[in-house]
Amino acid sequence: MEAAERILQWITEAGATGDLMVAEGASLSLKARDGDLEEHKVSSSQVFGVRVIKDDKAGVAYSEASDNAALRLMVDQALINASYARRDVNEQVPDKAITLATDDSLLAPTDDVSVEEKIDTVLRLERELAARDKVKNVPYNGVSDVTAAQRIFSTAGLKATSRVRACFSQAAALVEDGDKNVMEGWGQGARRFDELDIDNIVETAHANCLALLHGEAVPTKHYDVIFDTQCQPTMFSTFSMMFSGKAAKDGINPMRDKVGEAIADARLNLFDSPLLDEGFGYALFDDEGSPTARTPLIANGNLATLIHNSATASHFGLQTTGNGARSPRSTLEVQLHQFEIGSGEAEDDAITSGEYLELTDLTGTHSGANPVAGDFSFGASGFLCRDGERIQPVRNITVAGNFYEMLNKIGLIGQTRYWDMNRHAFMPRIRFSDVAISG
């Protein structure tokens, strides 16, 4: 790429090191309302983002224009920004002259589905769900087809390229029966549009609505709780700061001094697994171009490591874990790619024996959580179950407690693992003991 070569040359001539990120995207988004197409949005973007480091000071700048003058101005602005930055000897461009590239046939496959067929799909999705029993309307629905590409180059000789595609379809229906009403939904993601199963989305969304329509609160007490395949990843991601090397460096990670110590039930094994190619969080390299790998976060209940970019790793005298994160417009952070929990020993009938609550929806997960202390209080709904059977729909309850304490109150971990709807987490079901529920 000629533009990249020019940009890196300008950085070198200024006596600096640096890297360039080029992010490109194209998306189609469709929504239906009352049998007509409500939204047909087509967008595309290209953003250049440069990070320069001179005299141990880092500066970033970006440009949405690709002409020579705009790119030169971007580099000059980054150099100016660096001159005003605080000196940080830990943030340096990784010294890696490597070439990395993902497989388009695996991560960005093509299909022959036309735009007209995609429009017919979203219209059918709304029409068929709206025709189901007790459905008042389908206020939320849509299909999307998104392709994103990322290229990273550095003055050290790095060349990393990736291209991914993700197609989604989702719908939520409002169901009414007398004075009772509920809105629930379902969705699905796939690499190819023709892999989306609209019939399954309609059937599951409607079934979810009917199942919860007559839900009531349960008595206030402590229950065994199983979070479903959507809610369990939400719980872990809400408190994911506990694994952040950046938060540890900033002094706000409650786990910063507990690496190597027991923080969870000894049966729990948790990983960041960027190379599970079935997931939409797949990443061959991070946003610094550092190669990724399966990273144990909790091993047999012990905190195995925190996640790091090159700067936080340098601060702690470690190696990067390949979790550097930034966009063309932002400074360097850390992020997880994909949660994976190792299989447990419990069979399905053991996980669901006796009485327990299955929680299928959580609300207020941002406002109701304190990641530093671990405390949370969320609105919830789901089902009171006994021996694997749902015996009562449950709504208008609150689940509260401390997530870090919950990690030590695991009753059972299942053998079978499941992807969440957005395919960013691969986990078995976990039965948590003694969870406070307020009706």
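The values are calculated or read from the model by the stated rules, or taken from the named source; none is laboratory data. Nothing here was measured: the structure is a model prediction, and the numbers come from that model. Positions of Cβ are backbone-derived with ideal geometry, glycine not excepted, and every protein chain shown enters the neighbour counts.
Just a few scattered comments:
- Of all residues in region 59-72, none are under 30 Å from Tyr282 (Cβ atoms), among the hydrophobic types (A, V, I, L, M, F, W, C) and surrounded by fewer than 18 Cβ atoms within 10 Å (Cβ to Cβ).
- Counted residues, region 413-437 - those being aromatic (Phe, Trp, Tyr) and within 15 Å of Ile351 (Cα to Cα): 2
- Cβ pairs under 7 Å, 6+ apart, first in region 228-239 and within 13 Å of His424 (Cα to Cα) and outside any loop (DSSP other than H, G, I, E, B), second modelled with pLDDT of 95 or more and polar (S, T, N, Q): Cys231/Thr360
- Exactly one residue among Ala149, Ala166, Ala173 is on the phi < 0 side of the Ramachandran plot, touching an Asp or Glu at 6+ places or on another chain (Cβ under 6 Å) and at pLDDT 95 or above, and that residue is Ala149.
- Taken together, Pro274, Pro291, Pro328 contain a single residue that is buried (at least 22 other Cβ atoms within 10 Å of the Cβ) and more than 23 Å from Met235 (Cα to Cα), which is Pro328.
- With respect to (1) under 26 Å from Glu333 (Cβ atoms); (2) within 31 Å of the chain's Cα centre (by Cα), the lone exception for Asp76 is condition (2).
- Ala400 being in a strand (DSSP E or B) and either surrounded by 19 or more Cβ atoms within 10 Å (Cβ to Cβ) or touching a His at 6+ places or on another chain (Cβ under 8 Å) (or both): no
- Listed by position, the strands (runs of 3 or more DSSP E) inside region 1-110 whose residues that are without any contact (Cβ under 8 Å) to a residue 24 or more places away in the chain number at least 2 are 36-54, 57-63.
- Across region 402-433, the number of residues qualifying as among the β-branched types (Val, Ile, Thr) and either under 15 Å from the mean Cα position of the chain (by Cα) or within 21 Å of Gly189 (Cβ to Cβ) (or both) comes to 1.
- Checklist (1) free of Cβ contacts under 8 Å to residues at least 40 places away in the same chain; (2) crowded, with 18+ Cβ neighbours inside 10 Å; (3) out of contact with any Lys or Arg (no Cβ under 8 Å at 6 or more places or on another chain) applied to Ser144, failing item: (1)
- Residues in region 349-371 that are without any contact (Cβ under 8 Å) to a residue 40 or more places away in the chain and either in a strand (DSSP E or B) or of a type outside the set (Ser, Thr, Tyr) (or both): Asp349, Thr363, Gly364, Gly368, Asn370.
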